[in-house]
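Take a look at the structure set out below.
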There are 2 protein chains.
Amino acid sequence: MSKVLMAEVNISEGTDLSIVEKVKEAFLTVDGIEVIDIDSNADHNRTVFTYKGEPQNVLEATKRLAAKAVELIDMTKHKGSHPRIGAVDVVPFIPVREITTEEAVDIAKEFGKYLGSLGVPVYFYEDAQEKEYRKALPKIRKGQYEALEERMKDEEWYPDEGPKEFNPKSGATVTGARFPLVAFNINLDTEDIDIGKEIVKSVRAAAGGYTYVRAIALSLEEKRQVQVSMNMINYEKTPIHRVFETIKSEANRYNVNIVDTELVGPVPIYAIRDILDFYLRISKDFSIDQIYS
Amino acid sequence: MSKVLMAEVNISEGTDLSIVEKVKEAFLTVDGIEVIDIDSNADHNRTVFTYKGEPQNVLEATKRLAAKAVELIDMTKHKGSHPRIGAVDVVPFIPVREITTEEAVDIAKEFGKYLGSLGVPVYFYEDAQEKEYRKALPKIRKGQYEALEERMKDEEWYPDEGPKEFNPKSGATVTGARFPLVAFNINLDTEDIDIGKEIVKSVRAAAGGYTYVRAIALSLEEKRQVQVSMNMINYEKTPIHRVFETIKSEANRYNVNIVDTELVGPVPIYAIRDILDFYLRISKDFSIDQIYS
């Protein structure tokens, strides 16, 4: 089985779909790319392209996508509700199969170098960034596009690739590698948001819960339920089943039951396999290649 | 998403791999076929080809495969430990996606008609057979190839397609449609086969268990365990999780634990989804298309 890398490219255009279409055409000129999802959101004025393939093909496709987006998108005119810092806003490369995070970081750095050569300031984040203070995406994107020109004058915020000068049309790009993320929500049969907030504490990293869980409690007014909405940022180290069982057990304390759960967006088959292993004690001989659809 | 049909073609050759190779070449001349598994077993002297694709492509590939196998395999010389009745022994067509059992039956009948036109007596089985007494594969294959010539003289065993006369070189072929099968084994931390046999009764259809479970208890001498070895013949109506939980509960009665379990061979993603639904209460909005690998 060959190496598979995924890219999730966030561009700052989600209203003018003719631009999105041209960007799509540009990256689909590369062979061997499998599109997983293309999602345009008009409120966010943002489109997310998710696709996968062999690492070199994914790198080439991402270069062409980014070059076209930088050509067509003008950040001086951009408005949208989602935080953003540039035309090609964030580009995580995600190891899917037979590929290490280190290899994904190398691809991100090569992509950053290329984009820098086009005149776009580029910041590396997460595992692709060595400086601790600028590893997290929210820190790099602080103040968004509007604050970028001023921030770039500070040596601490010189970009990792590309010009040190602000580029008004493109803004900046953040790229790096990250583990596949799983969006997992658990709906509880209570309307009491305070109970939801208490339950969230049991799993949320920032509150003493699991290291790789970001979680908040939300009111689902229409359903009269409370939702624990989570991003599982490393399902290997903090597996889905463990978080589910913890929330079930904590909810029980308040006589609250789980109504149902939601897996949102792409889910890696490896995360599914972990769940099977836990509940059905599947032996290690089982290969995900046995699964067909 | 287009229709997907799977074929599992069992031919009576598993020792002379040059013949298997020629048969493989013949069916791979059809475009759009995805091979899932090709498994040759020398003891059985049998090869199982598993592949899938759009129904018409699968039908065409299966015709070519069968024609080549009938040309190259001589049943008058066949020896092997697995029950068999012909060169192309059994050909189930299995609905995978967006296709009904009825449509799969139609494909099986078309395939049977074609094979009959090549001079091979063909029996339909399971849903493709209307006569109750000849629906089950073991009944059709009773006495195997060696008994076929005599049996075919009996009006009750005239074939559904092809000549009414015995064909010594090809023997007969059984074809039809069946639901995807899941082979599921549960290993118990006991060496006592009698306990295994008691536990098996809780799930085995013939002993009063679940309708769609065929199960036996086996001794795993080396591991010093007992295995409940099962064919789940309809995972929709008798789901995997239910059988697992029943065996766990029954084993508990004898102070026996489950060591691990095995999913053997191809497993449909829909069966996996059922397991997730049960243990994690995944909402109905979740689509298997969200899973990637």
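The values are calculated or read from the model by the stated rules, or taken from the named source; none is laboratory data. Source: prediction; values computed, not measured. Here the Cβ is made from the backbone with ideal geometry for all residues, glycine too, and neighbour counts use every protein chain on show. Accessible surface areas use protein heavy atoms only, side chains included; no ligands, DNA or RNA. Shrake-Rupley method; radii C 1.70, N 1.55, O 1.52, S 1.80 Å.
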Quiz item: Just wondering, is there one or more residues in the range A:75-86 that are buried (at least 16 other Cβ atoms within 10 Å of the Cβ), closer than 17 Å to A:Ala177 by Cα and among the basic types (Lys, Arg)?
Solution: no
Exercise. Could you pull out the residue among A:Lys169, A:Lys237 that is in the same structural domain as A:Val105 (by the TED database) and either in a loop (DSSP other than H, G, I, E, B) or in contact with a Cys (Cβ under 7 Å, 6 or more places away or on another chain) (or both)?
Key: A:Lys169
Quiz item: Out of (1) open to solvent by less than 50 Å² (accessible area, probe 1.4 Å); (2) among the hydrophobic types (A, V, I, L, M, F, W, C); (3) farther than 18 Å from A:Val91 by Cα, what's the single condition that is false for A:Val4?
Solution: (3)
Quiz item: What is the number of the single condition among (1) among the β-branched types (Val, Ile, Thr); (2) under 27 Å from B:Ile94 (Cα atoms); (3) touching a residue at least 24 places away in the same chain (Cβ under 8 Å) that B:Ile269 does not meet?
Solution: (3)
Exercise. Pairs only if they're at least six apart or on different chains, beta carbon under 6 angstrom, first in the range B:220-237 and open to solvent by less than 20 Å² (accessible area, probe 1.4 Å), second in a loop (DSSP other than H, G, I, E, B) and modelled with pLDDT of 90 or more; list them, first residue then second.
Key: B:Val226/B:Thr190; B:Asn234/B:Tyr212
Practice problem: Looking for whichever is within 23 Å of B:Thr261 (Cβ to Cβ), at pLDDT 90 or above and more than 24 Å from the chain's Cα centre (by Cα) here; the options are A:Ile269, A:Ile282. Which one fits? | Solution: A:Ile282
Quiz item: Taking B:Val256 and the conditions (1) outside any strand (DSSP E or B); (2) among the aliphatic types (A, V, I, L, M); (3) closer than 30 Å to B:Pro95 by Cβ, which numbered condition does it fall short on, given that it satisfies the others?
Solution: (3)
Quiz item: away from chain B (no Cβ under 14 Å), acidic (Asp, Glu), closer than 18 Å to A:Ser170 by Cβ and not in a strand (DSSP E or B) - does that describe any residue in the range A:30-51?
Solution: no
Self-check item: Failed criterion for B:Asn231 (all others in (1) outside any helix (DSSP H, G or I); (2) more than 30 Å from B:Pro121 (Cβ to Cβ) hold)
Solution: (2)
Exercise. Considering every residue within the range A:2-9, establish whether at least one is basic (Lys, Arg) and not in a loop (DSSP other than H, G, I, E, B).
Key: no
Quiz prompt | Residue list for the range A:170-203, filter: of a type in the set (Val, Ile, Thr) and within 21 Å of A:Glu245 (Cα to Cα) | solution = A:Val182, A:Ile186, A:Thr190, A:Ile193, A:Ile195, A:Ile199, A:Val200, A:Val203
Quiz item: Somewhere in the range B:109-120, is a residue among the small types (Gly, Ala, Ser), surrounded by 21 or more Cβ atoms within 10 Å (Cβ to Cβ) and under 30 Å from B:Val264 (Cβ atoms)?
Solution: yes
Exercise. Could you list all residues from the range B:264-283 that are open to solvent by less than 10 Å² (accessible area, probe 1.4 Å) and under 27 Å from B:Leu220 (Cβ atoms)?
Key: B:Val267, B:Pro268, B:Ala271, B:Ile272, B:Ile275
Quiz item: With (1) open to solvent by less than 20 Å² (accessible area, probe 1.4 Å); (2) in a helix (DSSP H, G or I); (3) more than 29 Å from A:Lys135 (Cα to Cα) as the list, and A:Ser249 as the residue in question, which single condition is left unmet?
Solution: (1)
